[in-house]
Structure formats: C-alpha cells, structure tokens
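Below is one structure; the comments refer to it alone.
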Amino acid sequence: MPQQPDSAKPVRISSISRSLVGAKLRVVGRMLSYNPEACTVLLVHFPHAVLVDISICLDPKAGLYFMQEEQQQLMIMGYLEELPAQMELPALPYYVDSPPEVNSRLILRAILVKEVPDLNLAEWDEGVGALEQLEGSR
C-alpha cells in the first residue's frame, strides 16, 4: 500500500509561533509584498503576517500569475522553520500605514502555492480558530 503524505495542519497566520517549527502547515492570506532576489513573499491577514519562501514553487514554464497582482489571496502549504538570524522582510507597499506583526526568524518553506480568490478569509479564520480551540481543549 502506498505511503500517505503527511497532512498539513490548517492554522491562522496569527497562530504561527515557534511551537509549530517543523510542522507542515496550511495558511491563507493576502500577498502583501514580494522579494524576487530572496524568493520570499509576505503573506498577511492584518495585523499578522508570515514570511514565506516560495523558491521551490517557482516554475518559469507555468508562469507566475499570482505574482502579477498585489493583495492576491493565496493558500500556502509548507514546513515552518526557525532561522538562525532575522531575515530581511520584503519592502512594504507605499499604502501600508503600519507594518504587520511578523517574526522575521520564522519562515514557511512553501511546497504548494495556490490562488484562492473565492475563499472567504473571515470564514477560513473562523473555522480554523474553532479547530484550534478543539485541539486546545483535548
């Protein structure tokens, strides 16, 4: 029987912390900014954000449609890692008044990036929050 891959734990961006380092996570947010030199994206659901390394997901043949538009809503699956030092964050767009809260020593190494324009982000947060409460009560 073929081995099943590990499932990704759905989490809210606001719940990402050092306690999840090493876990395979699934997060949803909006792409606030992109650093092409480092292949990193700042994924945000204000007031929180997570730094995402998308380097292994970039396929020049497939195109980078989600990179062409700011605020694109994305679902990202990957492994959370802790960096030995803080990483430089991608530059924020001019219209951002206050920067989101982000731990620049945590990075999500993406293995899947998918556009999800029709997903209701508030409902996602509510549903994942309920799952987190259930896990916390066990």
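The values are calculated or read from the model by the stated rules, or taken from the named source; none is laboratory data. Fair warning: this is a prediction, and the values are worked out from it, not measured in the lab. Cβ sites come from the backbone with ideal geometry, for glycine too, and all protein chains shown count toward neighbours. Each accessible area value is taken on the protein alone, full model and side chains, heavy atoms only, with ligands, DNA and RNA left out. Shrake-Rupley method; radii C 1.70, N 1.55, O 1.52, S 1.80 Å.
Some points to look at:
- The length gained by stretching the chain between ALA122 and ARG105 to full extension, at 0.36 nm per residue less their Cα-Cα distance, is 3.5 nm.
- Counting only DSSP beta bridges with both residues in the chain, the antiparallel share comes to about 80 percent.
- Within a Gaussian network of the chain (alpha carbon springs, distance under 10 Å), most fluctuating of SER14, SER98, SER33: SER98
- Inter-site label distance for VAL96 and PHE46 at 7 Å from Cα along Cβ, in nm: 1.1 nm
- Separation of alpha-carbon centers, the range 93-110 and the range 117-136, rounded to whole Å: 21 Å
- Summed over the residues of the chain and divided among them, the accessible surface reaches 61 Å² per residue at a probe radius of 1.4 Å.
- The portion of the accessible surface of the range 84-138 made up by carbon and sulfur, rounded to a whole percent, is 51 (1.4 Å probe; DNA, RNA and ligands excluded).
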